[in-house]
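This report concerns only the one structure given below.
The values are calculated or read from the model by the stated rules, or taken from the named source; none is laboratory data. Note that the coordinates shown come from a computational prediction; the quantities given were computed from them, not determined experimentally. For neighbour counting, all protein chains shown are included, and Cβ atoms are generated from backbone atoms with ideal geometry for every residue, glycine included. Just so you know, the surface numbers come from the protein's heavy atoms only, side chains and all, with ligands and any DNA or RNA stripped out. Shrake-Rupley method; radii C 1.70, N 1.55, O 1.52, S 1.80 Å.
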Amino acid sequence: MAAPETSTAAVPTLYTNNTLRNAFGGVLSFFILLLIGVMAFSIRLFSVIKYESVIHEFDPYFNYRVTQFLAKNGIYEFWNWFDDRTWYPLGRVIGGTVYPGLTLTAGTIWWLLNSLNIPLSVETVCVFTAPIFSAFASWATFLLTKEVKGTGAGLTAAALLAMVPSYISRSVAGSYDNEAVAIFALIFTFYLYIKTLNTGSLFYATLNSIAYFYMVCSWGGYTFIINLIPMHVLLCIVTGRFSSRLYIAYAPLVVLGTLLAALVPVVGFNAVMTSEHFASFLVFIILHVVAFVYYIKGILSPKMFKVAVTLVVSVGLAVCCAVIAVLIALVASSPTKGWSGRSLSLLDPTYASKYIPIIASVSEHQPPTWPSYFMDINVLAFLVPAGIIACFSPLSDSSSFVVLYIATSVYFSGVMVRLMLVFAPAACITSGIALSQSFDVFTRSIKFQLPGISSNTEVDAAETSSATAEAQNDAVKTEKSEETSKNRPSKKSKKKEKEEKPSTKAKAEKRLLALPLDSSVISLLLLILLGAFYVVHCVWAAAEAYSAPSIVLTSRSHDGLHVFDDFREAYGWLRHNTDVDDKVASWWDYGYQTTAMANRTVIVDNNTWNNTHIATVGTAMSSPEKAAWEIFHSLDVKYVLVVFGGLVGYPSDDINKFLWMVRIGGGVFPHIKEPDYLRDGQYRIDSQATPTMLNCLMYKLSYYRFVETDGKGFDRVRQTEIGKKHFKLTHFEEVFTTHHWMVRIYKLKPPKNRIRGKTKKSKSKTSSTSSRGKRSGSGKKNPWQ
Amino acid sequence: MKQPRPMKTFVLQEQGPIELTHATISYFFPKVEASVKTHSSTPMEAPIRATEFLRFTLLSLLFFVCRSSPSHDLLISNAERRIDLTSHIVKVYLTLKVENAGSTPTSEILLAFPPTQVDHLATVEALVTKGKRKKTTLARLDVTPTELPDAPNGTKYFTIYLTNPLNSGESTTLEVLYLFTHSLEPFPAEIGQSESQLVYYRDSALILSPYHIKQQTTFLKTPSTKVESFTRVEPTNRAGTEMKYGPYEDRHPYTFSPILIHFENNSPFPVVEELVREVEISHWGNLQVTEQYTLVHGGARHKGVFSRVDYQSRPNMNGVSSLRYLLARLPPRVHSVYYRDEIGNISSSHLRTDSRKSELEIEPRYPLFGGWKATFVIGYGLPLQDFLFESSDDRRYLNFTFGCPLLDTVVDKLTVKVVLPEGSKDPSAVVPFTVEQHLETKYSYLDVVGRTVVVMEKKNLVPVHNSHFQVYYTFKPIFMLAEPLMLASAFFLFFVACVAYLHIDLSIRK
């Protein structure tokens, strides 16, 4: 690459000419940023190259469907959209229950391209939205880190973020989910906050509110912003860093931001009513009190001030107590204390598993394991502590924000694996700071000790602290360009070194001390090695771990690549060969895909807003055939779809998810008891399995005629022979099974003309427990009410 | 169903001589490839007896149709009909020996069809044998649908125009080929997975004709020996897969004798309900073809369960009539082929290319049973120089095939859209059969004025329609540079604006 060469050549000659050098540095960093953006985009295209340009997984299909609707019908129809294809017979008000940011963004891009006569399909736009926004996110990271620690750190952090696996996992091409744009919005909001804090400009404060608005539009994670920023403000006040800049950074954000947030239908009055937003208002009050105190202090003499303080404190305390009592009473009156279930499970990690199985059943809501940290942020985990130390020397308003950000996000990522995504930018920023500062120290000490340019370095040294920022920047920039050309620094220079470096460096900076030449050269090489290791890992993660779209599976065997396209086969069949108004029941995981790909009405989907409805489906799946048929029939269901991986060894099938169906179903309908499905606490489907298990609908639909494939009925996922091999279905008939048996679709047989023995029927009804009996008694149409 | 039905005759009506005036038609046949097929015909007293004949001759000829009047003076001395029922497209080969028994020369010969058959009639072609023995060649004749004012029972006519008028006392031999689609009615209409598909075919044992037929025979070929029932019109006999009706002597005009054959036909019935082919010409050297299919299995509807285990373990007994794969014959040197549907790529396809043709074998996402549908898109690029030529009058023309590249499929409705490059003028299409035409405008990448699209629509197509058509247009190569120049100037303006912005001080304070 030309850029690094010219820069190294240029630096000594232009050394004296500061303005030219700065201009050159500006151009250089612009091109480096451009390259970082290109890299962030292109590293996410592995999924398109290896598979195809297709929407991934589950939630993206819903977003895609919404975007299609928006592109077709326009924004007003979109706000008023009542979706009758899902949650039958309840339906769902889409316009009021989605975060519209992503959809509107992609819809706008599509509209813009089409008005320029570039006829890209909605799907293409959706597929590439996430990579585009990850380029934006890395630029936002640059801006944020630049505000905190200078350009060098900014570029390093941007490069790190561009390829951090945790973020790649949520933003590969095709992963069209809220997080794709939300991470950009998050970082950009933080940047504008820091920028306002550093400049005290009302212009940036306004922009900050707008960025916050975009974040609210995009993702429920906006509560992180509206809690983190108040925490930082509080921290500043407590540590005596109150200033008018702080006031300008915070007060407009709360007022404007809350007003704007309330405009988003899905948030609405929640912006002022729920406990998630409570902290921001409390801090808003405190900030005004503090500002008022500072103001009074300014106009009164110290003596008078003391008198005033005692007066105000005594009165103020009384008032505060009253207000807080009222607030507590209000909050306590709500069953969840004003918190949403997901927020509560963040504060109390055991909450969901105790009370809301539906949240706990989602794998991305589980706490992460240690290896997943290494997988998702890799060497950054070692660089983060060093970066935190670097933030403390010297501690400024902005660097304290970074410290606070990383501290809180580490906690959140420890609770939910999904929030690793919030942690990743923080880790990149701190690691970027750590890397750039240590590079700075090493290169400066090398420069200092090289005989050829010692005079120059002395001049440089003389400039000292005033020039340090710039010098750092330049030094880091050169490294930076090396990094980008060579794919970034080092490997195992390890945490120990890392930690030593910045701390020693901090001292060195103050005392103008340099490290020994050879040790700094070696450390530099080790750092580059560490960076190289990171790059290799990131590319591997992007190419292998996170590129699979999950609707198409591939397996490599000795005779080449084998493609399992069963999901789309089944959805395609449903789309073309069933009546357009038929209702399809499946576990909620497949709801979004069924509505989007098969265009059929589903009973439940991934927007798990109605626990009872999901529990009804769970109950049906866990019930014996006849009871299940009655439940499904009462829901107007015509087809039942199950996912079965036993033939090809696809592990995330319905049998493996079945215990959650039992749990969720049993949570609402107590006649479903989890122990009935477990033999001695063990979940098994072989001959040792309980009769309840072997007679439930899910078992039967999964293994119907399975034994005829190999004669034994060997399940490749559970690695066992199934318990009940030969059985017939009386109320369901198989209408479609995909090529690898991964999706099986059954049709409900029509009800019999003649009811044989009325007594028998009523008995079967009463045999189910009181809750079910009540439900079926209350009318066949709506048994779950 | 085995009892012979009584013969039914059309009401005979006295027909006066009909005055039909025809403008002189000059017709230019495009060259088509010859395919030679041996065919044994029954001996007859024809002066030119062709035991071996060429179909689809490549003769470009100019002929005149003179003013003439069809009359009952014509008679058919011998007629032989061979009906091929092996696939879902019913092919009828009709050999007529026509004799002019009247006094005036005539050059028009009428073919009659019952109205129910006309709806399913995809194409009618007529050939006349020429030359001496051994060196017989076949010349294609013009055939047009004709309305006659007093047709009995709604009979529809097609007129064959002879090149040379048939003089009094002369005779000539005509080879007529016509194809029916949707003429096999599945019975039972719904079958299970393991059952085989049985169909009805309805026709007449006697050839419907406005002329007196001295002698006629009809042969039917069924795909297998399994024939449930057939109508007997003596003499009728059946041997193997062939059934013979006749010979019948001296039948009056419009004699009709319905027959019904119930037989097994396990071939899948691929029917493309709608096909939209879009051919986009780029003068940068590429021809992009996009074909959108709505495919349906037109056979007996699938009933009840679909069991994968049966389908996979006993493929010979289960789903025999299911549609497992299709073969598309694409032009040679095809590149960037894709096969997908609205939810993404379909991975089950194979492309085989050689220097003369490309074959794309595609499997739908799931095997199609009777009544099941699937939609998909096939797209491919072709080198432009193979299909775009310059004509003598400085115009350019695209020479491309009209029909559906899938083998052995019926297309109910075909729309061919030829997207001409932006800036092309005076488009005109030349198609060897009648199509509905109109023009549209399409906006594609960075278009300003839009591209002219020549849209051609035709219903009820069979593979015979895969002949070439031409679209002529004028185009100035300078238009190719419009879009690059536009982009360049847009960027230029952007940079100028940037430079201007950096050099203008907009602040109020100094």
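Residues in the stretch A:33-59 that are within 13 Å of another protein chain (Cβ to nearest Cβ), surrounded by 18 or more Cβ atoms within 10 Å (Cβ to Cβ) and in contact with a helix residue (DSSP H, G or I) (Cβ under 8 Å, 6 or more places away or on another chain): A:Val48, A:Ser53, A:Val54, A:Ile55, A:His56.
Out of the helices (runs of 4 or more DSSP H) lying entirely within the stretch A:322-431, which hold 1 or more residues that are charged (D, E, K, R)? First the steps, then the outcome.
On the way: elements: A:341-347, A:351-355, A:357-360, A:370-377, A:380-391, A:397-415.
Here the list reads A:341-347, A:351-355, A:370-377, A:397-415.
Quick one: which of B:Pro253, B:Pro235 is touching a Pro at 6+ places or on another chain (Cβ under 8 Å), under 16 Å from B:Glu80 (Cβ atoms) and either not assigned by TED's automatic domain parsing to the domain that holds B:Asp73 or not hydroxyl-bearing (Ser, Thr, Tyr) (or both)?
One residue alone meets the criteria, B:Pro235.
Being within 13 Å of another protein chain (Cβ to nearest Cβ), open to solvent by 10 Å² or more (accessible area, probe 1.4 Å) and either among the basic types (Lys, Arg) or closer than 17 Å to A:Arg744 by Cα (or both) is a property that A:His576 has.
Can you tell me which residues in the stretch A:649-663 are more than 12 Å from A:Tyr683 (Cα to Cα) and touching a residue at least 40 places away in the same chain (Cβ under 8 Å)?
Keep residues of the stretch A:649-663 that are more than 12 Å from A:Tyr683 (Cα to Cα), which gives A:649-654, A:661, A:663.
Of everything in the stretch A:649-663, those that are more than 12 Å from A:Tyr683 (Cα to Cα) and touching a residue at least 40 places away in the same chain (Cβ under 8 Å) turn out to be A:Gly649, A:Tyr650, A:Pro651, A:Asp653, A:Asp654, A:Met661, A:Arg663.
Could we say that A:Pro131 is assigned to a helix (DSSP H, G or I), out of contact with any Ser or Thr (no Cβ under 6 Å at 6 or more places or on another chain) and either open to solvent by 30 Å² or more (accessible area, probe 1.4 Å) or over 15 Å from A:Thr595 (Cβ atoms) (or both) here? Criteria met by A:Pro131.
Of the listed requirements (1) more than 9 Å from chain B (Cβ to nearest Cβ); (2) crowded, with 19+ Cβ neighbours inside 10 Å; (3) within 18 Å of B:Arg340 (Cα to Cα); (4) of a type outside the set (Phe, Trp, Tyr), A:Thr554 misses just one: (2). Answer yes or no as to whether B:Tyr397 is assigned by TED's automatic domain parsing to the domain that holds B:Tyr472 and over 30 Å from B:Leu481 (Cα atoms). No. Tell me, please, whether a residue that is part of a loop (DSSP other than H, G, I, E, B) and open to solvent by 60 Å² or more (accessible area, probe 1.4 Å) can be found in the stretch B:279-292. Yes: the stretch B:279-292 contains one or more residues that are part of a loop (DSSP other than H, G, I, E, B) and open to solvent by 60 Å² or more (accessible area, probe 1.4 Å). Can you spot a residue in the stretch A:702-715 that is away from chain B (no Cβ under 14 Å), modelled with pLDDT of 85 or more, under 39 Å from the mean Cα position of the chain (by Cα) and surrounded by 15 or more Cβ atoms within 10 Å (Cβ to Cβ)? Checking the stretch A:702-715: at least one residue is away from chain B (no Cβ under 14 Å), modelled with pLDDT of 85 or more, under 39 Å from the mean Cα position of the chain (by Cα) and surrounded by 15 or more Cβ atoms within 10 Å (Cβ to Cβ). Restricting to the stretch A:557-566, and then to whatever is more than 9 Å from every other protein chain (Cβ to nearest Cβ) and not in a strand (DSSP E or B), can you tell me which residue is nearest to B:Pro367 (Cα to Cα)? Only one residue tops the list, namely A:Asp566. Provide a single number: the residues in the stretch B:294-305 that are assigned to a strand (DSSP E or B) and more than 12 Å from chain A (Cβ to nearest Cβ). Here the count works out to 0. Go through the stretch B:93-111 and report how many residues are under 22 Å from the mean Cα position of the chain (by Cα) and crowded, with 22+ Cβ neighbours inside 10 Å. Selection size over the stretch B:93-111: 2.
Based on this model, can you work out whether B:Val416 counts as over 13 Å from the mean Cα position of the chain (by Cα) and either modelled with pLDDT of 90 or more or closer than 28 Å to B:Ser183 by Cβ (or both)? Yes; evaluated as a whole, the condition is true for this residue. Where helices (runs of 4 or more DSSP H) fall wholly inside the stretch A:186-268, the ranges with 1 or more residues that are closer than 26 Å to A:Leu395 by Cα and among the small types (Gly, Ala, Ser) are A:202-218, A:244-261.
Farther than 20 Å from A:Pro165 by Cβ and touching a helix residue (DSSP H, G or I) at 6+ places or on another chain (Cβ under 7 Å), is that true of A:Val441? Yes. Taking the stretch B:443-499 as the range and being of a type in the set (Lys, Arg) and within 14 Å of chain A (Cβ to nearest Cβ) as the test, only B:Arg451 passes.
Screening B:Pro253 against (1) open to solvent by 20 Å² or more (accessible area, probe 1.4 Å); (2) in a strand (DSSP E or B); (3) touching a residue at least 40 places away in the same chain (Cβ under 8 Å); (4) within 28 Å of B:Thr146 (Cα to Cα) leaves a single unmet condition, (2). So is B:His302 closer than 27 Å to B:Pro405 by Cα and buried (at least 17 other Cβ atoms within 10 Å of the Cβ) or not? Yes: the conditions hold for B:His302. If you go through the stretch A:579-618 and keep only what is open to solvent by 20 Å² or more (accessible area, probe 1.4 Å) and assigned to a strand (DSSP E or B), you end up with just A:Lys583.
Taking (1) surrounded by fewer than 18 Cβ atoms within 10 Å (Cβ to Cβ); (2) within 14 Å of chain A (Cβ to nearest Cβ); (3) of a type outside the set (S, T, N, Q) in turn, B:Val430 satisfies each apart from (2). Every listed requirement among (1) at pLDDT below 90; (2) not in a helix (DSSP H, G or I) is met by A:Gly25 save one, (2).
Residues of the stretch A:81-98 being polar (S, T, N, Q) and within 11 Å of A:Pro265 (Cα to Cα), which ones?
The initial filter retains those residues of the stretch A:81-98 that are polar (S, T, N, Q), namely A:86, A:97.
The one that is polar (S, T, N, Q) and within 11 Å of A:Pro265 (Cα to Cα): A:Thr97.
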